[in-house]
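Take a look at the structure set out below.
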Amino acid sequence: MYTQAEKPKENKSRAVASSVGQKNDTMTQNVGFVDNRAEAVAQRKLQEMANNNTISENVTLHPIIQRFPAQISGNFYKDNEYPKVRFEKLAEGGMIRSNTYQLLNGPKKNTVIRYTDLNYYQTDEEGWEDTDRRVAMANYVATTQELMAGVTSLNIGSPGTGITAGYESDVTLQTTGILTCVGWLIYNQSEAYMEHIVVGSGKINNIEDIRNATLNIINRFTLQTEDGEYNLAICCNTHYSTYKNYELMGALNPTNVAVNYEDGGSMTHVVKRSGRPRRIWECNKRQVNQG
């Protein structure tokens, strides 16, 4: 197997690390494979910095952020510090050098970058890193809307999630593990908001807070959807006593609309696609205080 030599170039970062450990004349030289993955290279560089650093008692050390491409699967990666930035590793060859990636989302989508010396750089016309164009990854972060592109199902927890399916596809919302808890859903044909409300077995002592929080979510839903019409659904497991807590059920339906009550340990709703763009939002979770 041949290793591609780095082309020397003025004002460019070019370093090939080569070291042979020699403790003393009586020790045997160890020869083995070197892990050249980006994560391993980053770790070795940080260790070298730590080993070579002479520290005064009066110096305060600040943690070093270890930045590297973290593999998601196959050739797809994310930045370990900004996981919303996604990129694809390009096959090495021609003008494509080792550790070269193409951004898949965010405001700099399709930009080609190279990872070296614990940093990302845009590439020059020959495929090498341009050290004058270091990538500030914080400016490359993808929005939640971009990450939602292509999503067809969501597992819902607390706080809940609201979504307009958009014109791409239907989106299935689901929450599971409903025992003493409650699944709560507000919806119309092409939008919905679902939440898994955690409820224990003690007496609830903040019913009015839950009622007000529910009103706020209903108001947020009608503003987001620009539609005053909505439906409510509540899912409880009838093997537990939560569904018989009439004060709680009333607080979860403060506008007294007709509610579709469901029985079971899970709640599922399909949000139908429409001609509107896909949107996603969250609300503050409804805290149930018990004692």
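The values are calculated or read from the model by the stated rules, or taken from the named source; none is laboratory data. All of these numbers come straight from a predicted model, not from anything done at the bench. When we count neighbours, we look across all protein chains shown, and the Cβ atoms used for this are built from the backbone with ideal geometry, even at glycine.
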- [ ] Evaluate the following for I186: is it surrounded by 14 or more Cβ atoms within 10 Å (Cβ to Cβ), over 26 Å from the mean Cα position of the chain (by Cα), farther than 14 Å from K285 by Cα and of a type in the set (V, I, T)?
- [x] no
TODO: Look at T116 and say whether it is in contact with a Gly (Cβ under 8 Å, 6 or more places away or on another chain) and of a type in the set (S, T, N, Q).
DONE: no
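I'd like the residue in segment 109-141 that is assigned to a loop (DSSP other than H, G, I, E, B) and small (G, A, S) and, out of all such residues, is surrounded by the most Cβ atoms within 10 Å (Cβ to Cβ).
Within segment 109-141, the first condition is being assigned to a loop (DSSP other than H, G, I, E, B), and the residues that meet it are 109-111, 117-118, 124-128, 135-136, 141.
Then drop every residue that is not small (G, A, S), which leaves 127, 136.
Values: G127: 18, A136: 7.
So, considering only residues that are assigned to a loop (DSSP other than H, G, I, E, B) and small (G, A, S), the one surrounded by the most Cβ atoms within 10 Å (Cβ to Cβ) is G127.
Scan L215, L232 and give me the residue that is at pLDDT 95 or above, touching a strand residue (DSSP E or B) at 6+ places or on another chain (Cβ under 7 Å) and farther than 19 Å from T180 by Cβ. Step through it out loud before you land on a result.
On the way: L215 fails: touching a strand residue (DSSP E or B) at 6+ places or on another chain (Cβ under 7 Å).
Answer to the check: L232.
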Task: Residue list for segment 235-259, restricted to those being touching an Asp or Glu at 6+ places or on another chain (Cβ under 8 Å) and modelled with pLDDT of 95 or more - done: C235, A251
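Residues are listed down the side, and each one gets a yes or a no for (1) within 28 Å of A251 (Cα to Cα); (2) of a type in the set (A, V, I, L, M, F, W, C):
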residue: Y82; (1), (2): no, no
residue: K89; (1), (2): no, no
residue: R133; (1), (2): no, no
residue: V141; (1), (2): no, yes
residue: G166; (1), (2): no, no
residue: D170; (1), (2): no, no
residue: T176; (1), (2): yes, no
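Would you confirm, using the coordinates I've provided, whether E208 is modelled with pLDDT of 90 or more, surrounded by fewer than 16 Cβ atoms within 10 Å (Cβ to Cβ), among the acidic types (D, E) and more than 27 Å from the chain's Cα centre (by Cα)? Write out each step before concluding.
Numbers: modelled with pLDDT of 90 or more: yes; surrounded by fewer than 16 Cβ atoms within 10 Å (Cβ to Cβ): yes; among the acidic types (D, E): yes; more than 27 Å from the chain's Cα centre (by Cα): yes.
Yes: the conditions hold for E208.
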- [ ] Would you mention how many residues in segment 254-291 are acidic (D, E), more than 24 Å from the chain's Cα centre (by Cα) and surrounded by fewer than 16 Cβ atoms within 10 Å (Cβ to Cβ)?
- [x] 1
TODO: For segment 62-71, enumerate the residues that are surrounded by 13 or more Cβ atoms within 10 Å (Cβ to Cβ) and modelled with pLDDT under 85.
DONE: Q66, R67
Open item on the list: So N155 ticks every box in (1) modelled with pLDDT of 90 or more; (2) among the polar types (S, T, N, Q); (3) under 17 Å from E282 (Cβ atoms) but one. Which box is left unticked?
Closed with: (1)
